[in-house]
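The values are calculated or read from the model by the stated rules, or taken from the named source; none is laboratory data. Every value quoted in this text rests on a predicted model; they were computed, and no experiment measured them. Methodologically, a virtual Cβ is constructed for each residue, glycine included, from the backbone with ideal geometry; neighbour enumeration extends over all protein chains shown.
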Amino acid sequence: MTLREALLEATHRLELQRISNPRLCAEVLLSHFLKVDRTYLYAYDDRILTEADYDLLENAVYERINGVPVQYIVGHQEFYGRDFMVNPSVLIPRPETEFIIESVLETKPLPAARMIDVGTGSGCIAVTLALEFPEAIVFATDISEDALRVANQNATGLQAHVRFVCMDLLDAVSGNFDFVVSNPPYVKRGDLERLQREVRDHEPHVALFSPEGETEIYRRLIQSASGLLNPGGYLITEIGYAMEDAVLDLLQNGWERLPTRRDLQEIPRTIIARKTA
């Protein structure tokens, strides 16, 4: 079977199962297993696939039809222009989480700023901050040891200096920081059935669902950040849909609430607050 025929067949099977972007999905899977870029598939579309290569593609298409995200099948996802390893131990980085990086950049941190990423998952936020601010001192926490192993591998692979610590939120942190950033678990348990199958059945629930009430994790995060941030330091955190008012209400005495960053659909995504003296 040629590359052209394999691509057409995989696309057709994905279309029949109503998989989104079936052609792109087939291209990504095939180019991954052949270790080539997607343009190669068209420049050499008459190449004959080996039986082993075809079996890999067949298995990948089967996994995708059964809801496994493409990123877990190929084992990586781009974030802020860099490639991050991912597996089912960590959330797949989303484009909207890049707003956290952009929000930090806009504050123009001092070179040796101290930053901590809470609930780091794949490490995409912490590693990106360490690379964007090479003189900064960057820490990252997560309650999952499996997630921290992935984050550490990403830091090593991208040559970023990040200090990783296993803990719940900021429960065992001491010292002072200039930035506390986080994409915490904020999905309500009652929304489980509303999630896409790929998210509901394959991404780690510990990183998705708030373990307590809807805003309790933000209350704990804000309380801890208040004791750790230097005066003038920033708390920058991602929020879920329709959570802006509830989270901002938690930022009262001692906080200056800055404009919330919104996505292209005008949905509030990133809360930014500055600790006052």
Of all residues being part of a strand (DSSP E or B) and β-branched (Val, Ile, Thr) in segment 256-277, which is surrounded by the fewest Cβ atoms within 10 Å (Cβ to Cβ)? Just the residue, please.
THR260
Condition first: aliphatic (A, V, I, L, M) and either under 20 Å from PHE99 (Cβ atoms) or in contact with a His (Cβ under 7 Å, 6 or more places away or on another chain) (or both). Can you find one or more residues in segment 166-181 that meet it?
yes
Hey, does segment 171-189 have a residue that's at pLDDT below 90, more than 18 Å from the chain's Cα centre (by Cα), among the basic types (Lys, Arg) and farther than 18 Å from GLU106 by Cα?
yes
Considering segment 13-43, residues that are part of a helix (DSSP H, G or I) and either out of contact with any helix residue (DSSP H, G or I) (no Cβ under 8 Å at 6 or more places or on another chain) or outside the structural domain of ALA60 (by TED's automatic domain parsing) (or both), and then whichever is farthest from ALA60 (Cα to Cα), we arrive at ALA43
Could you list, in sequence order, all residues of segment 119-173 that are assigned to a loop (DSSP other than H, G, I, E, B), of a type outside the set (A, V, I, L, M) and at negative phi?
THR120, SER122, PHE133, PRO134, GLU135, SER144, HIS161, ASP168, ASP171
Working carefully through the options ILE239, ILE271, find the one that is within 21 Å of ARG114 (Cβ to Cβ) and under 24 Å from the mean Cα position of the chain (by Cα).
ILE271
Sole residue being under 11 Å from VAL70 (Cα atoms) and without any contact (Cβ under 8 Å) to a residue 24 or more places away in the chain, chosen from LEU24, LEU8
LEU24
Can you say whether GLU15 is surrounded by 17 or more Cβ atoms within 10 Å (Cβ to Cβ), more than 26 Å from ALA147 (Cα to Cα), touching a Lys or Arg at 6+ places or on another chain (Cβ under 9 Å) and among the charged types (D, E, K, R), as far as the supplied structure shows?
no
Can you find a residue that is within 18 Å of VAL104 (Cβ to Cβ) and under 23 Å from the mean Cα position of the chain (by Cα) anywhere in segment 209-220?
no
Checking GLN159 against (1) crowded, with 24+ Cβ neighbours inside 10 Å; (2) over 23 Å from TYR234 (Cα atoms): exactly one of these is not met. Which one?
(1)
Being free of Cβ contacts under 8 Å to residues at least 24 places away in the same chain, out of contact with any helix residue (DSSP H, G or I) (no Cβ under 9 Å at 6 or more places or on another chain) and surrounded by 16 or more Cβ atoms within 10 Å (Cβ to Cβ) narrows it down to one of LEU221, LEU248, so name that one.
LEU248
Run down ASP37, ASP45 and say which single residue is among the charged types (D, E, K, R) and surrounded by 13 or more Cβ atoms within 10 Å (Cβ to Cβ).
ASP45
Name the residue that is surrounded by the fewest Cβ atoms within 10 Å (Cβ to Cβ), counting only residues in segment 189-218 that are assigned to a loop (DSSP other than H, G, I, E, B) and touching a residue at least 24 places away in the same chain (Cβ under 8 Å).
PRO211
